[in-house]
Amino acid sequence: MGLSTIPVMILLRTVSLSIIVCIYTLSGCSGNPDSRNDTFYYNQPEGIRTLDPAYAKNQPVMWAVHQLYNTLTEVDSQLNIVPALAKEWTLSEDRLIYKFLLRNDVNFQDHAVFAGGRGRKLVAADVVYSFNRIIDPAVASSGAWIFNSRVATNDPFVAVNDSVFELRLIRPCHPILGILSMQYCSIVPHEAVEKYGKDFGRHPVGTGPFQLKSWDEGQTMILLKNKNYYEKDESGYTLPYLDAVKVSFLDNKTAEFLEFQQGRLDFINDIDPNFKDEILTRNGGLKKEWEGKIQLFKHPYLNTEYLGFLSDDNSPLLKNSPLRLRQVRQAMNYAIDKRKMMLYLRNSIGTPAENGFVPDALPGFDKGSVQGYIYDKSKAAALLAEAGFPGGKGLPVTKLITTPVYAELGAFIVRQFEESGIPVQLETVQRSTLLEQIAGEQVLFFRGSWIGDYPDPENYLSVFYGKNPVPPNNTRFSNKQYDQLYEEAIQETNDSLRLQLYRKMDQLAMNEAPVIPLWYDMAIHLVSPNISGFGPNGLNMLELRRVRKGKAG
C-alpha cells in the first residue's frame, strides 16, 4: 500500500468505527459497571500475567505492581531520584556502601498472613529479604541482572537494625539509586511469599496505595484503597484520593476505545492506528470535534523504538547472513525515512531517532553530541556496493519479525528497504512468541523497544554491554572497547566526564549498528474530562496516587 492510499484507508476506518459506535449505542449498554464515581477504570489489552515484583518485566505488570508496592527510592515527575520508603541515605567515602534510613510509619497492607490480619511494620530485614529474592537462582527473577557485577559477593544486603539498611557494592556504581527505584526492587513480606510460594503473584501483599480485592483472570481486577497508606498530600490528607481501581482486559483496541467513549473507561494508553487519524491532526493535536470530550496528554518519555540485528558472531543464523557485515546494517539505517514515517504513520507522536540510542527525553541529553542516521539513499547505495552488493544485487531476503500491532509500520519499513534494493519480508507473530524467539537466539532481525527503568543514560547503554544477558542485551552485541567504556562510566563520579563516556559509547554503538533506532517515544493518553491530577510521567508509569474523579467540566 503506497502513501497515496492512506486517506482512503482512513475514510474506511472512520466509517467502520462509526458503524460500530451505532451498534454499541443500540445495544442498550450505558453507565459504569457500579455506581461509585470514585473508582478509576482502565483497560489492559495485553493482560497481566503476575503481580509478583520479581517478574515485573513489562509495562502491564509494572503498572499494576506500582499500585501495590513501594521501593526505597522513586522517580518524580521531573525525572529526579527522590526518597520513598527510605527517608534519606548516605554513601561511604569509598562509595561502596549505601546506608538507607527507612521511614518508621510504613506498614504492610492488612492481610491474613499477618497476626490478627493487621499489616505489620516494614523493617530493614524486609528489604534484605526482597533483594535476596531477586538474585536467588531458584526464584529465576527476570530482574536478577540489575544486581549483576554490582553488589558484593558476600552479604550484599544487610539490616543494621530495624530502621537501617545497607547496600554493599563490588565497585562504585553511579546508577544504583535509579536501579533501586525499579519495580523489581519493590519490598515484599516474607510471610506472604512463604505462604503462597509460586502462587504469590496472585496473592500480592505490599505497602502501596492500593491492595488487591479480586482478580478474575482475563475479565477484571479490582484494587481497593489502602486506608493505612503512609503518604499524605500537602494538606495532610492521606493518599490516594481514589477509593478503587478497576482493570478490564479487553484485547480489542477498537472495543477499548468504544468503552472509553461510552464513559466506561477513564483512560486509554496510546491510540490504536485504526482510528488515530479520526482523533488526531497530522501534527498530533486533538481535532476540534473531540475538544471538551477528551483530555489529550502528550509528553516525551523514556522509550526508544528500534529494529534489532542479532550480533552474536558464533550464531549459525548469522554465519552466512549479510547482516553480519557492518556496511549492510549501516545501509539499512540510512534507507529509512524516519521523518516521513513519523508524520504519516505516527501523527508526529514522537521524535525521529537520528541521534543515537539514548532518547532525547533524558535530562542532559545533547542532541548534537551523537551522530546517528538520517535518511540518505545515496549513502545506503554506497555502503551496499562497498559490502559487495551493488544496488542490492545478490542480497538474500531477510525476514523482519514484529507483532501485529506494528504491521502497518513494518510494511512501510519494508517498502523503504525495497526502494534501496534491500529485499525484506515482513512476518508478524504474537508478542510472547517474539520474546521467546529473541531469548532463544532464533531471529536475525526484529522490532524491539527499550523503555527506561530509571533516568540515567546507563540504562539504555546497558542494552549493548557484552556481559549482560537477554534482556537487556537482546542483540547479543559484544565489543571490548564498549565494555571498557561502560565499566569506566558507571564508576565515574564527575558528572561531566561520565556524560562524555556515555556519548562515546552511544556513538560507538551507532557506528557498529546492531540496531536501527526508529523514534524516541512520546506518551499519549486519552483521559476522561472528569479526571484531574493525572500528570505527566517521564517513565510513562501509571501514577494514580493523586488522581481525583469528579464531574466533567
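The values are calculated or read from the model by the stated rules, or taken from the named source; none is laboratory data. The model shown is predicted, which means the values in this text are computed figures rather than measured ones. No Cβ is skipped: glycine too gets one built from the backbone with ideal geometry, and neighbour counts run over all protein chains shown.
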Odd one out for Asp456 among (1) surrounded by 21 or more Cβ atoms within 10 Å (Cβ to Cβ); (2) more than 26 Å from Leu180 (Cα to Cα): (2)
Would you check which residues across region 46-71 are closer than 22 Å to Gly535 by Cα, touching a residue at least 24 places away in the same chain (Cβ under 8 Å) and either in a loop (DSSP other than H, G, I, E, B) or basic (Lys, Arg) (or both) and list them? Tyr69, Asn70, Thr71
Under 8 Å by Cβ, and 6 or more places apart or on different chains, what pairs join a residue from region 390-402 that is under 22 Å from Tyr306 (Cα atoms) with one that is among the acidic types (Asp, Glu)? Lys399/Glu427; Leu400/Glu427; Ile401/Glu427; Thr402/Glu427
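Please tell me if Gly550 is in contact (Cβ under 8 Å) with a residue 60 or more places away in the chain and closer than 20 Å to His299 by Cβ.
Values: in contact (Cβ under 8 Å) with a residue 60 or more places away in the chain: yes; closer than 20 Å to His299 by Cβ: no.
The answer is no for Gly550.
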Residue under question is Leu242, and the condition is that it be under 26 Å from Asn58 (Cα atoms), among the aliphatic types (A, V, I, L, M) and surrounded by fewer than 21 Cβ atoms within 10 Å (Cβ to Cβ); does it hold? no
Could you check region 519-542 and list, in sequence order, the residues that are among the small types (Gly, Ala, Ser), outside any loop (DSSP other than H, G, I, E, B) and surrounded by 17 or more Cβ atoms within 10 Å (Cβ to Cβ)? Ala523
List pairs: first in region 437-463 and under 16 Å from Phe477 (Cα atoms), second among the acidic types (Asp, Glu), Cβ under 6 Å, 6+ apart or cross-chain? Ser449/Glu305; Asn459/Asp453
Number of positions in region 165-208 that are over 21 Å from the mean Cα position of the chain (by Cα), buried (at least 18 other Cβ atoms within 10 Å of the Cβ) and either closer than 30 Å to Gly116 by Cβ or of a type outside the set (A, V, I, L, M) (or both): 13
Here is a list of conditions, (1) modelled with pLDDT under 95; (2) surrounded by fewer than 21 Cβ atoms within 10 Å (Cβ to Cβ); (3) not in a loop (DSSP other than H, G, I, E, B), and Pro472 meets all of them except one; can you say which number that is? (3)
Exception for Arg346 within (1) surrounded by 17 or more Cβ atoms within 10 Å (Cβ to Cβ); (2) more than 24 Å from Asn58 (Cβ to Cβ); (3) charged (D, E, K, R); (4) assigned by TED's automatic domain parsing to the domain that holds Asp360 falls at (2)
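Provide a single number: the residues in region 403-436 that are closer than 22 Å to Asp270 by Cβ, in contact (Cβ under 8 Å) with a residue 24 or more places away in the chain and among the hydrophobic types (A, V, I, L, M, F, W, C). Can you show your working first?
Narrowing region 403-436 to residues closer than 22 Å to Asp270 by Cβ: 403-413, 426, 428-435.
After this cut, where a residue has to be in contact (Cβ under 8 Å) with a residue 24 or more places away in the chain as well, the list is 403-406, 408-413, 426, 428-431, 434.
Adding the requirement that they be among the hydrophobic types (A, V, I, L, M, F, W, C) leaves 405, 409, 411-413, 426, 429, 434.
Here the count works out to 8.
Please report, ordered by residue number, the strands (runs of 3 or more DSSP E) entirely within region 242-333 with at least 3 residues that are in contact (Cβ under 8 Å) with a residue 12 or more places away in the chain, in contact with a strand residue (DSSP E or B) (Cβ under 6 Å, 6 or more places away or on another chain) and outside the structural domain of Asn540 (by TED's automatic domain parsing).
On the way: elements: 244-248, 267-269, 295-309.
It comes to 295-309.
Show me the strands (runs of 3 or more DSSP E) found entirely inside region 80-122 where at least 2 residues are closer than 14 Å to Glu166 by Cα. Show your work before the answer.
Details: elements: 81-83, 86-91, 97-102.
Because the criterion is at least 2 residues that are closer than 14 Å to Glu166 by Cα, the strands (runs of 3 or more DSSP E) in region 80-122 that meet it are 86-91, 97-102.
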